[in-house]
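J.: Have a look at the structure that comes next, please.
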Amino acid sequence: MKKAVYPGSFDPVTFGHEDMIKRSAAIVDELIVGVLNNSEKNSLFSVGERVSMLKELTKDIPNVTVDSFDGLLVDYMKESGATIIVRGLRAVTDFEYELQIAQTNHVEYPAVETIFLVTNLKYSYLSSSVVREFAAYGGDISKFVPPQFVDRIYRKSNMNK
Ligand code: ADP
C-alpha cells in the first residue's frame with residue numbers, strides 16, 4: 001500500500017496545487033495533503049482555514065485526506081505511516097532546495113522516498129505568494145485559484161490591510 005504525503009503551505013491553494021493533488025492521487029493508494037503549521041510564517045489564512053479549503057477542494061477524490069502538522073516532516077511521516085513525500089518542481093530554482101531537503105529527509109528517515117512531479121506547463125509560473133500579492137492590490141486572481149475561493153481570498157486580503 002503506497003501512502004504519500006503532499007506537504008506545503010497552501011496559503012492559498014492554487015490551480016497548481018490542485019493539479020498536483022489530482023496527479024499524485026492517481027499514482028499512490030492514499031494521499032494525505034499535509035498543511036504545514038508554520039507559526040513563524042506570516043500567513044494569510046490560518047491552518048484551520050487552509051485545511052477546510054483543501055477538504056472542500058478534494059471532497060470528491062476518494063483516496064485523498066487533508067491534515068495539518070507542525071515540526072519536522074519526517075516525524076509526521078513516521079506518525080502517519082506514510083513513506084512517500086510528493087513535491088512539485090516548477091523551475092530549476094525549486095530544484096536545489098528540494099534536492100537538499102529530500103536528501104536530508106532520506107538520511108533522517110531512510111524508509112522515506114521523495115517523488116517529484118514536474119509542474120503542468122499551464123501553472124509553472126504560479127505560486128501562492130504571487131496570488132497573495134495580486135489579491136492585495138485587487139488584481140484578477142480568477143485564473144490562479146479555484147473559483148469557490150476567489151472571494152474568500154479577496155476578503156482576507158482586505159482584512160489584513
Ligand atoms: P512551500 O511553502 O513548502 O513551498 P507551497 O504550498 O508553496 O509550499 O507548495 C507546496 C508544493 O506544491 C511544493 O512542492 C511546490 O513545489 C508545489 N507547487 C507550488 N505551486 C505549484 C504549481 N504552480 N504547480 C505545481 N506545483 C506547485
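J.: Could you check segment 24-51 and list, in sequence order, the residues that are open to solvent by 70 Å² or more (accessible area, probe 1.4 Å), acidic (Asp, Glu) and either assigned to a helix (DSSP H, G or I) or at pLDDT below 95 (or both)? Quick ask: steps written out before the conclusion?
T.: Of segment 24-51, the ones open to solvent by 70 Å² or more (accessible area, probe 1.4 Å) are 26-27, 29, 39-42.
If we keep only those that are acidic (Asp, Glu) as well, we get 29, 40.
The one that is open to solvent by 70 Å² or more (accessible area, probe 1.4 Å), acidic (Asp, Glu) and either assigned to a helix (DSSP H, G or I) or at pLDDT below 95 (or both): GLU40.
J.: Can you say whether ILE101 is under 27 Å from GLY48 (Cβ atoms), away from the ligand (no atom under 14 Å from the Cβ) and among the β-branched types (Val, Ile, Thr), as far as the supplied structure shows?
T.: Numbers: under 27 Å from GLY48 (Cβ atoms): yes; away from the ligand (no atom under 14 Å from the Cβ): no; among the β-branched types (Val, Ile, Thr): yes.
Taking the combined requirement at face value, the residue does not satisfy it.
J.: Can LEU89 be described as more than 20 Å from SER52 (Cα to Cα) and touching a strand residue (DSSP E or B) at 6+ places or on another chain (Cβ under 6 Å)? Break it down into steps so the answer makes sense when it comes.
T.: Numbers: more than 20 Å from SER52 (Cα to Cα): yes; touching a strand residue (DSSP E or B) at 6+ places or on another chain (Cβ under 6 Å): yes.
Yes; evaluated as a whole, the condition is true for this residue.
J.: I've got another one for you. Could you list, in sequence order, the residues of segment 9-23 that are on the phi < 0 side of the Ramachandran plot and buried (at least 20 other Cβ atoms within 10 Å of the Cβ)? Walk me through it before giving the result.
T.: Step one: of segment 9-23, the residues on the phi < 0 side of the Ramachandran plot are 9, 11-23.
Matches in segment 9-23: ASP11, PRO12, VAL13, THR14, GLY16, HIS17, MET20, ILE21.
J.: Name every residue in segment 1-42 that is over 25 Å from GLU113 (Cβ atoms), more than 10 Å from the ligand (Cβ to nearest atom) and touching a residue at least 24 places away in the same chain (Cβ under 8 Å), in order of residue number.
T.: Just the residues of segment 1-42 that are over 25 Å from GLU113 (Cβ atoms), to begin with: 11-12, 14-15, 39-42.
Those left that are additionally more than 10 Å from the ligand (Cβ to nearest atom): 39-40, 42.
Across segment 1-42, the qualifying residue is only SER39.
The values are calculated or read from the model by the stated rules, or taken from the named source; none is laboratory data. The model shown is predicted, which means the values in this text are computed figures rather than measured ones. Cβ sites come from the backbone with ideal geometry, for glycine too, and all protein chains shown count toward neighbours. The area values use the complete protein model at the heavy-atom level, side chains included, leaving out ligands, DNA and RNA. Shrake-Rupley method; radii C 1.70, N 1.55, O 1.52, S 1.80 Å.
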